[in-house]
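Trainee: For reference, the structure I am asking about is given below.
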Amino acid sequence: MVQNIHADLKESDILQILVRTTWHGGLPAFTPPECAPIILKDGISKIDDLAAETGIDVLTLSILSDVPLHRPRNLELEDLVAQWRWLRLVWSHFSAPTGILPINGYHLPADPEAIHAHERDMLTHIIGQIGQFRHNIALAELRKLFQILKKSPANRQNPLQLCFLELLRLFCPYIGHELLYRYGAIKSPDQTES
């Protein structure tokens, strides 16, 4: 999971604009910490079975959101339910955006100044935390950003919403991809139900 998050961050055209304007040589290189074990509670027997049952998006959030990678993680059913509920809120807010669909795919304006300075700082802070393998902090900040975004309707022309969805996609590839498709940022859906 951790390797995929960092690879996807480097490949994201939308987020790399913010990375280049903040860290001119790109994100500094950090060594990933040793990952501690996941301790399964509440009768959970295997991670693979849990992934098949709950989905990788909910499982990833449950594993990465609470403690740093180097500390053991107690994974309980309560954690899975809480992450599922949050993703359900995100989905219900962003799944039917208004605004014109972009013709050639949506891209963040070349000038990051299109996003307010405070919001740009939030985004670069989240990206910096991901770059330093502090996923629990990045996810907490992503939740704060969602609290701000849910005050206004989902709109395809809002670059801050697009950046939020791109950051969400790093941790939740299926839901994030589908929402980016609905925003017109991705040409084809991940799955045929779209």
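The values are calculated or read from the model by the stated rules, or taken from the named source; none is laboratory data. Just so you know, these numbers come straight off a predicted model, no measurement behind them. For neighbour counting, all protein chains shown are included, and Cβ atoms are generated from backbone atoms with ideal geometry for every residue, glycine included. The area values use the complete protein model at the heavy-atom level, side chains included, leaving out ligands, DNA and RNA. Shrake-Rupley method; radii C 1.70, N 1.55, O 1.52, S 1.80 Å.
Trainee: Picking from 117, 36, which residue would you name as being at pLDDT 85 or above, more than 20 Å from residue 170 (Cβ to Cβ) and exposed (fewer than 13 other Cβ atoms within 10 Å of the Cβ)?
Mentor: It is 117.
Trainee: All but one of (1) out of contact with any strand residue (DSSP E or B) (no Cβ under 8 Å at 6 or more places or on another chain); (2) without any contact (Cβ under 8 Å) to a residue 60 or more places away in the chain hold for residue 155; which doesn't?
Mentor: Every condition holds for residue 155 apart from (1).
Trainee: Then there is this: Please state which one of 60, 54 is hydroxyl-bearing (Ser, Thr, Tyr), in contact (Cβ under 8 Å) with a residue 40 or more places away in the chain and either over 22 Å from residue 12 (Cα atoms) or in contact with a Cys (Cβ under 7 Å, 6 or more places away or on another chain) (or both). I'd like the intermediate steps shown before the answer.
Mentor: Numbers: 54 fails: in contact (Cβ under 8 Å) with a residue 40 or more places away in the chain.
On inspection, the qualifying residue turns out to be 60.
Trainee: Is it the case, given these coordinates, that residue 156 is touching a Gly at 6+ places or on another chain (Cβ under 8 Å) and farther than 19 Å from residue 87 by Cβ? I'd like the intermediate steps shown before the answer.
Mentor: Numbers: touching a Gly at 6+ places or on another chain (Cβ under 8 Å): yes; farther than 19 Å from residue 87 by Cβ: yes.
In short, yes.
Trainee: Condition first: touching a residue at least 40 places away in the same chain (Cβ under 8 Å), within 27 Å of residue 41 (Cα to Cα), assigned to a helix (DSSP H, G or I) and not polar (S, T, N, Q). Can you find one or more residues in the stretch 76-83 that meet it?
Mentor: No - not one qualifying residue is present in the stretch 76-83.
Trainee: Quickly run through the stretch 1-18 and pick out the residues that are over 20 Å from residue 136 (Cα atoms) and either within 16 Å of the chain's Cα centre (by Cα) or at pLDDT 85 or above (or both).
Mentor: 11, 12, 13, 14, 16, 18
Trainee: Working only within the stretch 68-89, note down all residues that are open to solvent by 20 Å² or more (accessible area, probe 1.4 Å) and of a type in the set (A, V, I, L, M, F, W, C).
Mentor: Those that are open to solvent by 20 Å² or more (accessible area, probe 1.4 Å) and of a type in the set (A, V, I, L, M, F, W, C): 69, 77, 81, 82, 84, 89.
Trainee: Taking only pairs six or more apart or across chains, which ones have beta-carbon atoms under 7 Å, a first residue in the stretch 159-184 that is farther than 17 Å from residue 56 by Cα, and a second residue that is surrounded by fewer than 24 Cβ atoms within 10 Å (Cβ to Cβ) and among the small types (Gly, Ala, Ser)?
Mentor: Correct list of pairs: 159/114; 161/154; 162/185; 181/194; 182/95; 184/105.
Trainee: Now for a separate question. If you check 123, 80, 75, which single one turns out to be closer than 20 Å to residue 164 by Cβ and touching a helix residue (DSSP H, G or I) at 6+ places or on another chain (Cβ under 8 Å)? I'd like the intermediate steps shown before the answer.
Mentor: On the way: 80 fails: closer than 20 Å to residue 164 by Cβ; 75 fails: closer than 20 Å to residue 164 by Cβ.
Exactly one residue qualifies, and that residue is 123.
Trainee: Among 14, 44, which is outside any loop (DSSP other than H, G, I, E, B) and either touching a residue at least 12 places away in the same chain (Cβ under 8 Å) or more than 30 Å from residue 161 (Cβ to Cβ) (or both)?
Mentor: Result: 14 is the single residue among 14, 44 that is outside any loop (DSSP other than H, G, I, E, B) and either touching a residue at least 12 places away in the same chain (Cβ under 8 Å) or more than 30 Å from residue 161 (Cβ to Cβ) (or both).
Trainee: Would the stretch 44-60 turn up any residue that is farther than 30 Å from residue 81 by Cβ and open to solvent by less than 60 Å² (accessible area, probe 1.4 Å)?
Mentor: Taking every residue of the stretch 44-60 in turn, none turns out to be farther than 30 Å from residue 81 by Cβ and open to solvent by less than 60 Å² (accessible area, probe 1.4 Å).
Trainee: Take the stretch 153-173 and flag every residue that is modelled with pLDDT of 95 or more and either aromatic (Phe, Trp, Tyr) or part of a loop (DSSP other than H, G, I, E, B) (or both).
Mentor: Listed by number, the residues that qualify are 153, 154, 164, 171, 172.
Trainee: Among 126, 130, which is the only one that is in contact (Cβ under 8 Å) with a residue 60 or more places away in the chain, out of contact with any strand residue (DSSP E or B) (no Cβ under 9 Å at 6 or more places or on another chain), closer than 18 Å to residue 14 by Cα and assigned to a helix (DSSP H, G or I)?
Mentor: 130
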